[in-house]
Amino acid sequence: LQAEAHENRNQPATTEDGHTIEVCANLGNTAHTPDAVDRGADGVGLLRTEFIFMAHPEAPDLATQVTEYQHAFDALNGLPLVARTLDVGGDKPLDYWPLPQEDNPFLGMRGIRLSLTRPDILETQVRALLTAAGDRPLRIMFPMVKDVEEFRAARAIVSQVQAEVAASDVQVGVMIEVPSCALLASTLAPEVDFFSVGTNDLTQYTLAIDRGHGQLSAESDGLHPSVLRLIRMTVEAAHAHDRWVGVCGELASDPQAIPVLVGLEVDELSVTSRRVPLVKACIRGLSLETARRQAEKALSLATVSEVRDALEAW
Ligand code: PEP
Ligand code: MG
């Protein structure tokens, strides 16, 4: 299977009954973009830009960031790039951005909340992304958004920069990582261009299990029916408004989860570059109709063990 997946890596991920899913790569380093393209990625589905910030002793200036993002766009040769704006706090420290002392940093200043306290940093980043993109396809998404108010505040910064920097193919979306956002997806959908489900954080916040917890790691599973229901709500709301939905958390490369996500009709999966050929091969071996039935079955169950057992038996 490995050899066959590798050989066909540049073919689209189309199911037996003709339904195509984009399979993109998650990157933390733009220098790895050529490798992602070489492995057959249909684009970059998640650029974790905090790694670019971590590689510098202070926040990289506009010119530094432009050069950085240009590397990715050049290597992508017209394929889309989904850049997540700086996601700091919780499990993601940044030396030169001291965070407040908090009892629960995972429930405190992190992600977009933190970025909105320093709009100058966010604005510089957005300016660098738009400048580097030019007429190439750029999708900007905000991390850890909890509702439309936060999205609007961040979106306003993009709109303001867009008025000054010409970039012709830009979409603006939100990550679905906080359950409130999935529950309110129908109120967000009319205002966003897309959603990308971050199952790592969405699972953590839905099940109240720290994503890095050693002892509880087996229970921290994105195939939990509660998480699947949130993903379904997100997809239904998005499609009702003609928006696309990706999944960029670890769940997207889990062989048991792929049929379920395809059956829930997500439009894009974004995974570690190394896994792109296998995820594409796995989708080619599915039919949308069967995947829908698998998703339905998973959604009808009560616990994650029931879901895993049912999928295993399938
Ligand atoms: C996620 O939370 O699922 C995600 C993709 O973002 P990160 O893992 O970087 O928090
Ligand atoms: Mg996350």
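At a glance:
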item	result
Positions within the range 145-158 being open to solvent by 10 Å² or more (accessible area, probe 1.4 Å), in a loop (DSSP other than H, G, I, E, B) and within 16 Å of ligand 2 (Cβ to nearest atom), in sequence order	Lys146
Failed item in (1) surrounded by fewer than 19 Cβ atoms within 10 Å (Cβ to Cβ); (2) touching a residue at least 60 places away in the same chain (Cβ under 8 Å), with Ser186 passing the rest	(2)
Filtered residue count, the range 189-203, keeping only those that are near ligand 1 (Cβ under 9 Å from one of its atoms) and surrounded by fewer than 23 Cβ atoms within 10 Å (Cβ to Cβ)	1
Qualifying residue in the range 81-88 (condition: within 16 Å of ligand 1 (Cβ to nearest atom), under 20 Å from Asp210 (Cα atoms) and touching a Gly at 6+ places or on another chain (Cβ under 9 Å))	yes
The range 11-29 - residue that is in contact (Cβ under 8 Å) with a residue 24 or more places away in the chain, open to solvent by 40 Å² or more (accessible area, probe 1.4 Å) and within 15 Å of Leu264 (Cα to Cα) and, of those, farthest from the chain's Cα centre (by Cα)	His19
Members of the range 165-194 found to be away from ligand 2 (no atom under 16 Å from the Cβ) and out of contact with any Lys or Arg (no Cβ under 8 Å at 6 or more places or on another chain), listed by number	Ala166, Ala167, Ser168, Leu183, Leu184, Ala185, Ser186, Thr187, Leu188, Pro190
Odd one out for Thr203, checked against (1) more than 16 Å from ligand 2 (Cβ to nearest atom); (2) in a helix (DSSP H, G or I); (3) under 19 Å from the mean Cα position of the chain (by Cα)	(1)
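One line per residue, one yes/no per condition, for (1) in a helix (DSSP H, G or I); (2) aromatic (Phe, Trp, Tyr); (3) under 15 Å from the mean Cα position of the chain (by Cα):
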{"site": "Arg127", "(1), (2), (3)": "yes, no, no"}
{"site": "Leu130", "(1), (2), (3)": "yes, no, no"}
{"site": "Arg136", "(1), (2), (3)": "no, no, no"}
{"site": "Gln160", "(1), (2), (3)": "yes, no, no"}
{"site": "Val192", "(1), (2), (3)": "no, no, yes"}
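The values are calculated or read from the model by the stated rules, or taken from the named source; none is laboratory data. Owing to the predicted nature of the structure, the values given are computational and were not obtained by experimental measurement. Note: ideal-geometry Cβ built from the backbone for every residue, glycine included; neighbour counts use all protein chains shown. The area values use the complete protein model at the heavy-atom level, side chains included, leaving out ligands, DNA and RNA. Shrake-Rupley method; radii C 1.70, N 1.55, O 1.52, S 1.80 Å.
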